[in-house]
Amino acid sequence: MSVAMVVEVPKDGAKTKFSAEQSSPTQAVSDQHTDFPLVPSAGEPPLWTSRGNEEVRLRMEESGTAGEPPMTIHQMFTSAVECFGDRTALSWKEGEQQMFINYTDYYLACRTAAKSFLKLGLEQHHGVCILGFNSPEWLISDIAAILAGGFAVGIYTTNSPEACRYIADNCKANVIVLEDDTQLQKILQVQDQLPYLKAIIQYKDALRENRPNLYTWTEFMELGRHEPDVPLNDIITNQKPNQCCSLIYTSGTVGQPKGVMLSHDNLTWTAFATSRHWSSEAWVSVISYLPLSHIAAQMNDIWCPMRIGGATYFAQPDALKGSLVNTLKEVRPTFFMGVPRVWEKMQEKMMAVGAQSYIIVRMMAAWAKDVGLRTNLSKMNQSAAVGRTPLSYYIAKMLVFKKVRQALGLDRCDMCFTCGAPISKETQEYFLSLDIPVYEIFGMSELTGPHSFCRPDTFRLTSCGKELPGCRTKIYNPNEEGIGEICMWGRHVFMGYLNMADKTEEAMDAEGWLHSGDLGKQDEDGFLFITGRIKELIITAGGLNIPPVPIEDAIKKAVPFISHAMLIGDRRNFLSMLLTVKCQVNEETGAPEDQMTSEAMELCRTLGSKATRVSEIAFGRDGGVHAAIQDGVNRVNENAASNAQRVQKWIVLDRDFSIAGGELGPTMKLKRPVVTRMYNEQIENLYK
C-alpha cells in the first residue's frame, strides 16, 4: 500500500516541506528484534574498540534499568511511530507560520533522506557531517545517516575551515549537510583535501552557484523519493544495538578533537534511562537551541523526545543573542535545559529590569525572594524535619513567582536543568529564590550525555545529584577528604575513540571503568560533587596541587562585575590571576565589546567610578575599581587553606573571553592552554 505523506498542519493548514511518498512505516521494514545475548557468553566482543566497524559487549545486567532489552535507533523510532504516530514530533517557524510534522511523517522523511544518502554513495561506517543551526533538516539528516548505515557527525558552526576538514576527514565523510553559503564556503576551502567526500547538501537559502554534487534540500530529498525500499531495509535489518551509529567530536580544548563512538544502545538506552526521570507530565515539549553537535543537545532534542513521544520546537538562529525568551513564551516548554551562561544571562537581565522598577516593586520582590529561598532550601534539606510550607510562600507564589515564570515562558516547565559546565551557587540560589530550581547535570560525550543529575527529590546545591539508575560511580584513589577521580560504569559508556586506541586505553581501565578526568567525591547519601579536573590542577614550584576552579569562583563571587577569572601558577613560585569584566556582546559576531554591562557599570558607580567601558578600568587604569578588586582578592585570600593558595598578583584584561576570541570552547568551557598562549606576555609580566 502506498500513501502520499503530505502533513496537514492542525492549526492553519500549512503543509510541511518534508512530504514523502512511500510505503507505510510498518510495511517499510518489520520491527525486528535482534537476537542479542543478555548474558555474556564465550567469544563475546570486548568492552571497547577504536574501529568504527567493530562491535562491543553491552554492559547489561540481568534485571532493573540496566537489564532493559537493547534496541537499535530504528527499533526505537518505529516504536514511537506505533505509539505516537499522529502526535507532533517537530515544530518550527517559516516566517510567521508555525509548521508541524508528526511522528509518522518524521519517520518517512528520515527514510527518504536515508535512501537519498545511499543514492549519493554513502558507504557503511562512513560519516555524514552536519554543519548548521538546529533545524528539522539537521535531525532528519542525523537519523537518516544512521538508518543508512553511516555515522551521524555534527560539526560546531563556529569551527574554522581547518577544524571542519579535520573532522570530515577523520570520519571519512561521504556527505556534508550544511546550512547556508557561509558554511558552504568553509567546506569549499578544504574540499580538495577531503578524498571521501561525494556530495554537499545545503538546506537553507538558495544556492549562489552551481557546482557538481552540490544539492539543495529539495533536490536531495527528491533523489530518494522513488528509490526502492529493499536496499535500505536490508541495511536496517542487519544493524545491531552494539554497533557504532554516531560520532560526537570533543571540542579539542587540549589537542585534536576526538571522535566519541556511540552505539545504538548507548543512545537508545540512555534515552530510556533519562526520560524515565524527565518529567511528570504526560506530554513533553522541549526547545532546540543548544548546538546539536553536543551530545547533551542531541539527548534533549532528538532521543529523549523520541523515546516518550515528546515534541521538539526549534528556536530562531539568534536564540542566544536574545530571541530565546520569545520562543520560550511562545512554546512554554515542559522541560528546559541551558548551559550556565544561559541562566547567568537571564539572571543579569532580570536584575537589570528589577533595578529600574519602582521601590515598592523592588521591596515586594526582595521579600518574595527571601521567602522563596528559605522555603526551597528547607524543602531541599531532606535531613531536616519536614514541616508545613509557610503561608507566606503561597502568597509570594501568587504575587511574584507565578508572574516571573510567565514572563520567562517557564510557567508549564516541570523541570529546569543546567549542564555543560559548573554553575555558580549564587546563580542557583537566585533562581531558587524565585521558586525556579535549576537542577545540575553531570555528564560527558563519552557517557552519551548524563551520568548523574538532581531532581526535586534528590537536590543539593553545588551537587550533581545521583547517578542514573543502572549506572555506577567509583571515586578512584581518594585523598583524606574523599576526593579522587570520578569513574563511571554503565550502558551509557561509549565504545571508544575512533581510530585512537591509545586515547581509548587512557580513558578506560582494565575493568572497563571510564575515567572522567574530573575530581570529585560522593557524600554518605550518594550525592556527587565535582571539585575540579585533574588536567586543570596547578602544580606549583613547591609541588603543591591546587584546583583552580574554587579559587576562581570565590573571586567572581567577591567581585561581582568580574566575568571570568583564570588562575595562573603552574610550576611558578606563587599564584596570579587573569580577570575580565562583564561587557556587552556583539549580537552578530558574538565578540565581546568594550561597553560594560549595566550591572557592571552600576557596581562601578557604587565605587565612585564613572567608567562605562572595559578599556577605562583594564590594567589598573581606574584606582577605585582596582582597590575594590584588591579588596575582594584579600577577602578570598583570608579563607585560603594555605599561603600557597593565596593569589599574589592579578591583572584585568581589556577584553572578555569568548568563543569568537578563541578563549572559550563551544560549550563555554575555558580553554586554559589557549588563554595561556594568547596572554603569555601579560602572564610573564606578572612574574617579573
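Couplings for region 583-590, taken from phi via the Karplus curve 6.51 cos²θ - 1.76 cosθ + 1.60 with θ = phi - 60°, read 9, 5, 10, 4, 5, 7, 9, x Hz in order; Gly and Pro are left as x.
Under Stokes-Einstein, with the Kirkwood radius over Cα pairs standing in for Rh, what whole-number D in µm²/s applies to region 537-686 at 25 °C and 0.890 mPa s?
Working: Rh = 15.8 Å.
My calculation gives 156 µm²/s for D.
For residue 101, the residues whose amide H sits under 5 Å from its own are 89, 90, ignoring neighbours fewer than 5 places away on the same chain, with H placed 1.01 Å from N. Annotation note: trypsin sites (Lys or Arg not before Pro) in region 355-433 located in DSSP loop regions with a Cβ neighbour count of at most 16 within 10 Å are 388, 412. The ranking of 164, 129 by Cβ neighbour count inside 10 Å, starting from the fewest, reads 164, 129.
Test of understanding: express the Cα radius of gyration of the chain as a ratio to 2.2 N^0.38 Å, with N the residue count. Provide the component values of the computation, followed by the final result.
Values: Rg = 25.7 Å, N = 688, 2.2 N^0.38 = 26.3 Å.
Rounded to two decimals, the normalised Rg is 0.98.
Using the Cβ of residue 361 as centre and a radius below 14 Å, the other residues enclosed give a net charge of +3, where K and R count +1 and D and E count -1. Helix 548-558 and the longest principal axis of the Cα set of the chain meet at an angle near 60°.
Karplus-based coupling profile of region 175-183, in residue order and whole Hz: 9, 10, 9, 9, 7, 8, 5, 4, 6, with θ = phi - 60° in 6.51 cos²θ - 1.76 cosθ + 1.60 and x standing for Gly or Pro. Note: relative contact order over region 474-547, using C-alpha pairs below 8 Å and six or more positions apart, is 25 percent.
Angle of helix 136-147 to the longest C-alpha principal axis of the chain, folded into 0 to 90 degrees and rounded to 10: 60°. Between region 155-172 and region 84-103, the C-alpha centres lie 31 angstrom from each other. Angle of helix 359-380 to the longest C-alpha principal axis of the chain, folded into 0 to 90 degrees and rounded to 10: 70°.
3J(HN,Hα) along region 231-244, derived from phi through the Karplus expression 6.51 cos²θ - 1.76 cosθ + 1.60 where θ = phi - 60°, amounts to x, 5, 4, 4, 5, 4, 4, 8, 6, 10, x, 9, 9, 5 Hz, with x in place of Gly and Pro. Per-peptide packing, taken as the mean over residues of other Cβ atoms within 10 Å, places 50-58, 471-479 in the sequence 50-58, 471-479 from highest down. Once the chain from residue 277 to residue 323 is taken as fully extended at 0.36 nm per residue, the excess over their C-alpha distance is 13.6 nm. Cβ crowding within 10 Å ranks 657, 529 as 529, 657, fewest other Cβ atoms first. Distance between the C-alpha centres of region 654-683 and region 234-249: 37 Å, rounded to the whole angstrom.
Ranked by the mean number of other Cβ atoms within 10 Å of their residues, highest first, the peptides 170-178, 495-503, 261-269 fall in the order 261-269, 170-178, 495-503.
Modelled spin-label separation between residue 587 and residue 214, with each label point placed 7 Å from Cα along the Cα-to-Cβ direction: 3.1 nm.
With contacts defined as alpha carbon pairs under 8 Å and 6 or more residues apart, what's the relative contact order of region 325-535 in percent? It would help to have the intermediate numbers written out before the result.
Values: 330 pairs, mean separation 36.7, N = 211.
The value is 17 percent.
Counting only C-alpha contacts under 8 Å and six or more residues apart, can you give the relative contact order of the chain as a whole percent? List each step's numbers first, then the result.
Details: 1361 pairs, mean separation 73.9, N = 688.
RCO, the chain: 11 percent.
Computed FRET efficiency, Cβ-Cβ of residue 615 and residue 570, R0 25 Å: what is it to the nearest 0.05? So, using R0 = 25 Å, E works out to roughly 0.30. Helices in the chain, meaning DSSP H runs of at least 4 residues, each add -39500 (n - 2.57). Divided by all residues, the mean residue ellipticity at 222 nm is -9500 deg cm²/dmol. Summing charges over neighbours of residue 609, with a neighbour being any other residue whose Cβ is under 13 Å away from its Cβ, gives +1 when K and R count +1 and D and E count -1. Ranked for footprinting exposure by Cβ neighbours inside 10 Å, fewest first, 438, 361, 652 give 361, 652, 438.
Every number in this text was worked out from the coordinates using simple rules, so none of it is lab data. Keep in mind that this is a model prediction, so the values were computed, not measured. We place every Cβ from the backbone using ideal geometry, glycine too, and count neighbours over all the protein chains shown.
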